[in-house]
Amino acid sequence: MPGCLDIIQDNHAIGWAFVTDQPGTQTVIEILDGETPIANGCADLLRKDLVEQGFGDGHHGFAIPLPAKTMNARRPLRARIMQSGEWLEGEHLPTAAITTDPLVGNIDGIVDGIVFGWVKQTTDRALPSVVALLDDEEIASGDITAPRPDIVQQGMADAAHGYRVDLKRWLLSQGDHGKSIRIIHRDSGKDLAGSPLNPMEVRGWGHVADCDGIDLLGWATLSGPSETTAKVELWIDGEKVLEQEADLQRKDFASVRLQHTRCGFALSVPGPYLDGEPHTLVVRHKATGDILANGEQRFIATLRHGITYANNSIIVGWMFIEESPFKQIRVEAWEQGRRIASAQANDTHPIPPDGKKRKDTDKIRRVGLTLHLPSAMQNSQARRIRLTIAGTRQSATGKDILIGARAEIMRVAERAAQLDPDLRWWIHDYIQQLRQRETPDGSLYKEVPAAPDAPSERTLDVIIPVYKGRRETLDCIRSLLECGDPWPHDIILINDASPDPELSADLRRLTEAHPGITLLEHTRNQGFVASVNRGMALHPERDVILLNADTCLPTADWLSRLRHAAHADERIATVTPFSNRATICSLPRPQEDNDLPKDMTVTDLDRLCADANPGLQIDIPTAIGFCMFIKRQALDEVGYFDEARWGMGYGEENDFCLKASAIGWRHVAACDVFVQHHGAVSFQDEKQARIRDNLGLLTALYPDYAERVARFIRRDPLASARARIVLPLMRQSARHHVLHITHAWGGGVRRHVDELIEKRMQQGEAALILRPTLDERIELIQPATDLALSLPMRDLDSLSVPSPQSSSELLDTLRQLGVSSVRMHQWIGLPLGVWNLAEMLGVPFDYSLHDYYAACPRIHLLDHRDQFCEQPSLGRCDYCVTAKPLEHAVANAFEQLGGSMADWRAFHQARLATARQITAPCQDAATRIKQVFRLERVEVRPHDDRDKLFTPKPLPKSGMERRVAVIGAIGPNKGYDLLVETAQRAYREAPHLRFFLVGYTMDDTPLDALGNVQISGEYQPERLPDLLADSDCHLALFLSPWPETYSYTLSEALAAGLTPIVPNLGALGERVSALPAGWVLPCPMTSSQVIQALVQSAKGGKVRTRKPARGRQSTSL
């Protein structure tokens, strides 16, 4: 049972209807007297009893007004669903007990001081009479005019006459008194409908006849002190679609003896609404907003059409309304905004078959159409012709007709065939088809999706799907309501069956309080894709903005700027603004989740974007779905999002964009707009899994997608636009900076740089960090604000040969930021020109030693066998660098410097000779670098002074379980082979030793196979103290085969109270030798020596220190 007709009461049909398989669609109910439809309306009223019984959201009730004569019906009325024809349960006679006094008459309007309308014909008098009263005194009486058969036809009276009451003389004598006048029926003494009235009040009057197929005929006037020609507006489904002056001649007004007879109008329903679906139309006065009498109607109309033939001089086809096939349509042809032809669709033409069973399918009717076209406005281009219903500008059919010269189309195809030797075989077939299509004037035609209407006249829909995240969702909606954007827009909220009842209630309250909000509700969760599709289909002629519920909007005209970007070029399909979390459109750092800069709001950032990049659009490979403007024409051509493929969401916007790109559409970033994005509020728990699954699907569908995005990231065409926004913020933070140059590998170098900058910032020194990125660009970071700029690597390439005339975006930026000195930490991954920055800026240059890259391109003094080379002769070094490939970034620099160790060291020696200061973190490193480059002075500055705070934990007695920590990422430079050998040997010979690897290795497999090793996996640096505490270790083992320059992991082990066991090499041996406890083993170490130290380190319960063997501390060359 789909529903029930409950009762006929108070001239209304009351009941409910619920279509179970289409819970979100609008259900139209038809009321019938026998087989004759007499009224219709929507089942969309809230019925609490339906909510309690589980019928959707309860908005399935109806109360449909019935014609007055229905109350005299002698047989029961029935109801059915208009779309499906299903009958509702129940049939009823009108309830006789609930009746009202018969209507005595009506005031239709006031024109030029004359009140006119109609009054019911009484049975006891030949003619009725009407009186105007002011304070119960008669001031004028009504003259009865012609009969009003229209009132009889509408069932409002068995007989009626028109009347007119002339108040002009009285108004002239009284002036603007502001009092109301009663218009009454003399015989009954009852007021006419519309009484009392104030003749001096500005008020809209008028009437609309029932919609005849596609036409709405009526009249409209304005009363008041300065009567002017009225303007009427046609609204369909809540949107204004037409506006027209009511200035047509109305001959029927002359019969009422009114002088003002040019008050008529004729509105035509635009083509997009002739779609066979139920719609609500409203005709109202533009000046007052008053709805005209009978100005609110429901209608369904289906336009059918076809084009039989078209060329440069004529279009032949047919067109009619399915529900009113005898109603003739006047059609206009438009080209480039100019009406070029019009004709009535009344030529004889057989009604074409449509797949439906129709008795009249083969009949000849006057539905044919012939439009004679003038010459083309531009002979060199294809013509685009639009057919409209007369009086409207929107395409009647949703299509445009393209008419082009066959010869030109063939020439373009032939040129395309010349571009690709394989593509030509497909184009060959197409050209052959063109040759076979003979036409008298050599032209061809094709129906294509209609081009968009002039954007200046179109409202936007801002569509927000809602599921969870109450606070963020409400903040988003409020920010949208509070934005001062003048561009007309409606807010479409889609409640996708939110599990939060408070959020659902909030959405309903907002909708009731704000007329610009439309709320669509799902009875079950359908997902993001289905939700936005429903929103985009609501107004099929509008551009849309898809907006995540976890966004926050600026207060300025962000929407207008997005729209301007979309319509800057006719082939732009989508627009994405900058945001803090928008992958390639992220600000200040792309591909990262950014917080807003300190003390800045979304409006502040949006204002910066608008000022820095006014009207700037830059092409991007795909839109980003958090805030996505989509042009309607692109939607029409590409189609809505693919619900079946993308499920609950993620990937659907990329799929849409790639489909659009394949047919010539563009996607751009609006660089003058900023929208804040919190990030995945509705689906936080599921986000990563969905991204992973759908990214795999996207890659399978579009194998080139990942490389397309990667290529965009490498080029980073948005960098300059971001810089114009970020650079002013960086300059506000500080006027002078120290520039720190480093690599992108992280580790101890990054930690030292971060700690040094933090310490110097406390002393008032501002800093910048310059480092390479993984996408072959350079990044300039301001740690104090976490702001960053992305710059092209070529800016450093251009500085390889310094010149006073050198200029680049990087140099200009550093000068604007007031770089006062440069400190080089590491330059792996950067061009040679980075060494010339200080000279080009005219500032001092300092050097911090972290490894031996300047002396050895293998960085750690490990030879091609991953063993400490003991710094041999240059000839041996040349053999080493050729025996095993260098790191890719290092190999490029090595070749550029000449490809020999002599060239390598000469380059660095020349650069270090110009340094104002050179520092090393330990004496061993300072000694080695001084001897290599014959430097006079290298200052030793340990990274911290925490070693003196070391207090060792008590060690277990001999033979008890002893837990040994091995910390970090263990590869050849950290003694990986020795670690594996030691663990295996301990498993056999010292089962009471347990190894806890806090980190990971280059290959965990051999260690996982043992029972005495536990591996934590990769960790975040800030978690290391907790991991060491949780492991409850006693010792820390360091197996580095090269002379490390410091070792932060040793610092962490000492802070945890672990007794260190280290090689007699570099900073490890140097630091541990100065401690009250620890073991320093001779080099090279063996697994037997390591196990002996681990076992005997607490022999007899005492910790002892073995002093370094100085022979392995060699610094000879």
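The values are calculated or read from the model by the stated rules, or taken from the named source; none is laboratory data. Just so it is clear, the structure is predicted and the values come from calculations on it, not from any experiment. Virtual Cβ from ideal backbone geometry, glycine too; neighbours counted across all protein chains shown.
Please report, ordered by residue number, the helices (runs of 4 or more DSSP H) entirely within region 948-1047 with at least 1 residues that are among the small types (Gly, Ala, Ser), over 15 Å from VAL1062 (Cα atoms) and over 51 Å from the mean Cα position of the chain (by Cα). Step through it out loud before you land on a result.
Numbers: elements: 976-989, 1005-1008, 1024-1031.
Passing ranges, in order: 976-989.
Filtering region 191-214 down to residues that are of a type in the set (D, E, K, R) and modelled with pLDDT under 85, which residue is surrounded by the most Cβ atoms within 10 Å (Cβ to Cβ)? Talk me through it step by step, then tell me what you get.
Applying the first criterion (of a type in the set (D, E, K, R)) to region 191-214 yields 191, 201, 203, 210, 212.
Now drop any that are not modelled with pLDDT under 85, which leaves 201, 203, 210, 212.
Details: GLU201: 13, ARG203: 19, ASP210: 10, ASP212: 12.
The selected residue is ARG203.
Can you tell me which residue within region 1015-1033, out of those that are under 13 Å from VAL966 (Cβ atoms) and in contact (Cβ under 8 Å) with a residue 24 or more places away in the chain, is surrounded by the most Cβ atoms within 10 Å (Cβ to Cβ)?
The extreme case among them is CYS1033.
So, restricting to strands (runs of 3 or more DSSP E) that lie completely within region 562-673, which ones have at least 3 residues that are in contact (Cβ under 8 Å) with a residue 60 or more places away in the chain? Reasoning before the result, please.
Working: elements: 572-578, 617-619, 627-630.
Of the strands (runs of 3 or more DSSP E) lying wholly inside region 562-673, those with at least 3 residues that are in contact (Cβ under 8 Å) with a residue 60 or more places away in the chain span 572-578, 627-630.
Please state which of the following conditions VAL822 fails to meet, knowing it meets all the rest: (1) in contact with a Cys (Cβ under 9 Å, 6 or more places away or on another chain); (2) under 22 Å from ARG751 (Cα atoms); (3) not polar (S, T, N, Q).
(1)
Does region 831-841 contain any residue that is among the aliphatic types (A, V, I, L, M), on the phi < 0 side of the Ramachandran plot, touching a Lys or Arg at 6+ places or on another chain (Cβ under 8 Å) and surrounded by fewer than 22 Cβ atoms within 10 Å (Cβ to Cβ)? Step through it out loud before you land on a result.
Within region 831-841, the subset among the aliphatic types (A, V, I, L, M) is 832, 834, 837-838, 840-841.
With the extra rule that they be on the phi < 0 side of the Ramachandran plot, the set shrinks to 832, 834, 837-838, 840-841.
Okay, now just the ones that are also touching a Lys or Arg at 6+ places or on another chain (Cβ under 8 Å), so 841.
Those still in the list that are surrounded by fewer than 22 Cβ atoms within 10 Å (Cβ to Cβ) too: 841.
Yes, region 831-841 has at least one match.
Can you tell me which residue in region 241-251 is farthest from ALA287 (Cα to Cα), limited to those that are free of Cβ contacts under 8 Å to residues at least 24 places away in the same chain and either among the hydrophobic types (A, V, I, L, M, F, W, C) or exposed (fewer than 15 other Cβ atoms within 10 Å of the Cβ) (or both)? Reasoning before the result, please.
Looking only at region 241-251, we keep the residues that are free of Cβ contacts under 8 Å to residues at least 24 places away in the same chain, and these are 245, 247-249, 251.
If we keep only those that are either among the hydrophobic types (A, V, I, L, M, F, W, C) or exposed (fewer than 15 other Cβ atoms within 10 Å of the Cβ) (or both) as well, we get 247-249, 251.
Values: ASP247: 15, LEU248: 18, GLN249: 21, LYS251: 25 Å.
Residue satisfying both the conditions and the ranking: LYS251.
Which of the residues spanning region 981-1010 are over 22 Å from GLY1078 (Cα atoms) and in contact with a Pro (Cβ under 9 Å, 6 or more places away or on another chain)?
GLN984, MET1002
Please enumerate the residues belonging to region 381-404 that are under 21 Å from LEU444 (Cα atoms) and among the polar types (S, T, N, Q).
Filtering region 381-404 down to residues under 21 Å from LEU444 (Cα atoms) leaves 381-387, 395, 397-404.
Hits for region 381-404 are GLN381, SER395, THR397.
Does SER560 meet the test of being under 12 Å from the mean Cα position of the chain (by Cα) and either of a type outside the set (A, V, I, L, M, F, W, C) or not assigned by TED's automatic domain parsing to the domain that holds LEU520 (or both)? Don't jump to the end; show me each part of the working.
On the way: under 12 Å from the mean Cα position of the chain (by Cα): no; either of a type outside the set (A, V, I, L, M, F, W, C) or not assigned by TED's automatic domain parsing to the domain that holds LEU520 (or both): yes.
Answer is no for this residue.
If a residue has to be touching a residue at least 12 places away in the same chain (Cβ under 8 Å) and outside any loop (DSSP other than H, G, I, E, B) to count, how many in region 759-781 make the cut? Don't jump to the end; show me each part of the working.
Keep residues of region 759-781 that are touching a residue at least 12 places away in the same chain (Cβ under 8 Å), which gives 760-761, 765-781.
Subset that is outside any loop (DSSP other than H, G, I, E, B): 760-761, 767-772, 777-781.
The number of residues fulfilling the criteria is 13.
To keep it simple, each residue is scored yes or no on (1) at negative phi; (2) in the same structural domain as LYS957 (by TED's automatic domain parsing); (3) without any contact (Cβ under 8 Å) to a residue 12 or more places away in the chain.
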site	(1), (2), (3)
ASP1008	yes, yes, yes
SER1047	no, yes, no
VAL1062	yes, yes, no
MET1085	yes, yes, no
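Collect the residues in region 1048-1061 that are not small (Gly, Ala, Ser) and not in a helix (DSSP H, G or I), keeping them in residue-number order. Working first, answer last.
At the first step, the residues of region 1048-1061 found to be not small (Gly, Ala, Ser) are 1048-1050, 1052, 1054, 1058-1061.
Those that are not small (Gly, Ala, Ser) and not in a helix (DSSP H, G or I): LEU1058, THR1059, PRO1060, ILE1061.
Which one of the conditions (1) in contact with an Asp or Glu (Cβ under 8 Å, 6 or more places away or on another chain); (2) within 30 Å of ALA913 (Cα to Cα); (3) of a type outside the set (Val, Ile, Thr) does GLU936 fail to meet, given that it meets all the rest?
Unmet for GLU936, out of (1) in contact with an Asp or Glu (Cβ under 8 Å, 6 or more places away or on another chain); (2) within 30 Å of ALA913 (Cα to Cα); (3) of a type outside the set (Val, Ile, Thr): (1).
Quick one: in region 335-392, of everything that is at pLDDT 85 or above and assigned to a loop (DSSP other than H, G, I, E, B), which residue is nearest to ALA266 (Cα to Cα)?
So the residue we want is ALA345.
Going by the conditions given, is ARG750 farther than 22 Å from PRO597 by Cα, buried (at least 18 other Cβ atoms within 10 Å of the Cβ) and free of Cβ contacts under 8 Å to residues at least 12 places away in the same chain? First the steps, then the outcome.
Values: farther than 22 Å from PRO597 by Cα: yes; buried (at least 18 other Cβ atoms within 10 Å of the Cβ): yes; free of Cβ contacts under 8 Å to residues at least 12 places away in the same chain: yes.
Taking the combined requirement at face value, the residue satisfies it.
Confirm whether ALA644 is touching a strand residue (DSSP E or B) at 6+ places or on another chain (Cβ under 9 Å) and among the small types (Gly, Ala, Ser).
No; evaluated as a whole, the condition is false for this residue.
Which one is modelled with the lowest pLDDT, of the residues in region 236-268 that are at negative phi and small (Gly, Ala, Ser)?
Of the residues in region 236-268, the ones at negative phi are 236, 239-256, 258-268.
Imposing the further condition that a residue be small (Gly, Ala, Ser) reduces the set to 246, 254-255, 264, 266, 268.
Working: ALA246: 83, ALA254: 67, SER255: 62, GLY264: 86, ALA266: 88, SER268: 85.
Applying the filter and picking the extreme gives SER255.
Within region 416-434, does at least one residue satisfy the condition of being modelled with pLDDT of 80 or more and not assigned by TED's automatic domain parsing to the domain that holds ALA537? Show your work before the answer.
Pass one, region 416-434, residues modelled with pLDDT of 80 or more: none.
Scanning region 416-434, I find no residue that is modelled with pLDDT of 80 or more and not assigned by TED's automatic domain parsing to the domain that holds ALA537, so the answer is no.
Yes or no: THR574 out of contact with any Gly (no Cβ under 6 Å at 6 or more places or on another chain), closer than 18 Å to CYS657 by Cα and surrounded by 18 or more Cβ atoms within 10 Å (Cβ to Cβ)? Give the steps one after another, and end with the answer.
Details: out of contact with any Gly (no Cβ under 6 Å at 6 or more places or on another chain): yes; closer than 18 Å to CYS657 by Cα: yes; surrounded by 18 or more Cβ atoms within 10 Å (Cβ to Cβ): yes.
Considered against the rule, which asks whether it is out of contact with any Gly (no Cβ under 6 Å at 6 or more places or on another chain), closer than 18 Å to CYS657 by Cα and surrounded by 18 or more Cβ atoms within 10 Å (Cβ to Cβ), THR574 comes out as yes.
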